[in-house]
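These notes concern the structure reproduced below.
The values are calculated or read from the model by the stated rules, or taken from the named source; none is laboratory data. Since we're looking at a predicted model, the values are computed, not measured. When we count neighbours, we look across all protein chains shown, and the Cβ atoms used for this are built from the backbone with ideal geometry, even at glycine.
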Amino acid sequence: MLFRSWQEPVERPWPDVVAVPDHVGVAHLVVTRHALVRQVLADPEAFRPDNALDAMTPIPVGALRILARHGFRLPATLANNGGPSHPEIRGIVAGALHPHRVAAQRPWLTTVVRERVGRLGAALDAGAPVDLYADLAADLPLLVLARLVDLPEAPAEVVKEFTRAALELFWAPVDLPRQRVLAEVVGRFHAVLREFAEIGGGLVAELRAAGHPPDAVIGALFFLLVAGQETTSQFLTLLLHRLTGTPEVLAGVRAGTVQVEDVVEEGLRLEPPIVTWRRVAARDTELAGTPVPAGTSLVLWLARAGRDPAVVAAPEAFLPGQRGSRRHLAFGAGAHRCVGAQLSRLEAAVVVAETAPLLADVTVLRAPWYPDNLSFRMPDALVVARR
């Protein structure tokens, strides 16, 4: 269940808090209810973020040697930093992703998406299938992020290989041969990040000027690339797939009776880019009457929290604008709430608005395939053709 939690139907009953072992026998407390997930996220004193990036499959010596050869080190980043440096690092990153700066990208982003949709539409009109993941969603968030935050010069496919390898290495059940392959990919690009952290401008220069050491700068870049763009490209693909099966929503968008922003929020609720997230108990405590000893790993089931009947009227239905739709926890809550939430929303809104006519009469030839992963869906393709 841990690695394919997004498949669980809401009709299947789950306790509010329940112990579930992972693939190596480590027990985690899975938290399923919206109110309890929010409670944990909002209490960093009792439930710390320190384990958010711990590898789900322990990394053996052979893979660690590969990482060490590339100089890989990953100190506390935005996601797992519960220390005194977090507020300042977060503030600098939040400044780079300020809502005003994000909003200013809309005209450029609309032009890019419109051009891509035009090419995809021409291919569909000619009878050819198209891959909405590869040809529209995969690299789009990376291009947007690069306009807001100086990034190392590297081909998009190299960055995508690195980010997907990192998601697999740290959050998936993987065997030793695969760990070695992933360690090579992650370590190689980490060396690029390390060099860029010493000379880069923009956000990187601001972090250096504030006195943060190179490892902290690398950590911020690492997490921005992984969480700042990979999750958004995944969400765009998940949302497009969902929309291909809801023609009434597409018709409403085209007619102006369904608001694009409501579509995005309902998508975040039902298809969150991160389906679970972790916390660790800092001290002996309890949650909904369940004892939680210090050091216990908690898996917060964000996807199920978004389908909690106590919060939303029709948990499994895709009904943009329904009561409770915007109360999802797709971006977390509390001090570690995603700093890129507005950027992700903007990208999704533009994509929905521009693709609604394109999706009106397509059929899915190849739905996304999703590998086992604790927190990320990682769709690989979404191939459609004209009906």
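Which ones in segment 367-387 are crowded, with 19+ Cβ neighbours inside 10 Å and among the basic types (Lys, Arg)? Selection gives Arg377 alone. A Cβ distance below 8 Å, combined with a sequence gap of six or more or placement on separate chains, defines the contacts here; from segment 360-379, residues that are acidic (Asp, Glu) reach residues that are assigned to a loop (DSSP other than H, G, I, E, B) in the pairs Asp361/Arg387; Asp372/Ala172; Asp372/Pro173.
If the condition is being in contact with a Gly (Cβ under 6 Å, 6 or more places away or on another chain) and either modelled with pLDDT under 95 or of a type in the set (Phe, Trp, Tyr) (or both), then segment 226-261 contributes only Gly228.
Only residues that are touching a Ser or Thr at 6+ places or on another chain (Cβ under 7 Å) and within 20 Å of Phe376 (Cβ to Cβ) were counted across segment 1-23, and they come to 1. Within segment 43-90, can you find the residues that are among the small types (Gly, Ala, Ser) and touching a helix residue (DSSP H, G or I) at 6+ places or on another chain (Cβ under 9 Å)? Across segment 43-90, the qualifying residues are Ala46, Ala52, Ala55, Gly62, Ala63, Ala68, Gly71, Ala76, Ala79, Gly82, Ser85. If you check Pro99, Pro173 for being of a type outside the set (Phe, Trp, Tyr) and within 19 Å of Asp380 (Cα to Cα), only one passes: Pro173.
Restricting Arg101, Arg116 to residues that are in contact (Cβ under 8 Å) with a residue 40 or more places away in the chain and of a type outside the set (A, V, I, L, M, F, W, C) narrows the list to Arg101.
Kindly evaluate Asp54 against the criterion of being of a type in the set (Asp, Glu) and closer than 30 Å to Arg194 by Cβ. Judged against the criteria, Asp54 is a match. Scanning segment 279-329 for residues that are of a type in the set (A, V, I, L, M, F, W, C), exposed (fewer than 13 other Cβ atoms within 10 Å of the Cβ) and free of Cβ contacts under 8 Å to residues at least 40 places away in the same chain yields a total of 3. Within segment 200-216, the residues that satisfy the criterion of being at pLDDT 90 or above and outside any loop (DSSP other than H, G, I, E, B) are Leu203, Val204, Ala205, Glu206, Leu207, Arg208, Ala209.
The set of residues from segment 330-344 being assigned to a helix (DSSP H, G or I) and crowded, with 20+ Cβ neighbours inside 10 Å comprises His336, Leu343, Ser344. Which residues, counting only those in segment 5-36, are part of a helix (DSSP H, G or I) and over 22 Å from Tyr370 (Cβ atoms)? If the condition is that a residue be part of a helix (DSSP H, G or I) and over 22 Å from Tyr370 (Cβ atoms), then His34, Ala35, Leu36 are the ones that fit.
Does segment 338-356 hold any residues that are of a type outside the set (A, V, I, L, M, F, W, C) and modelled with pLDDT of 95 or more, and which are they?
Across segment 338-356, the qualifying residues are Gln342, Ser344, Arg345, Glu347, Glu354, Thr355.
Flag not set for Gln7, criterion: surrounded by 13 or more Cβ atoms within 10 Å (Cβ to Cβ) and over 25 Å from Leu148 (Cβ atoms).
Looking for something among the aliphatic types (A, V, I, L, M), farther than 19 Å from Glu8 by Cα and more than 21 Å from the chain's Cα centre (by Cα) - is there at least one such residue anywhere in segment 304-327? Yes: one or more hits.
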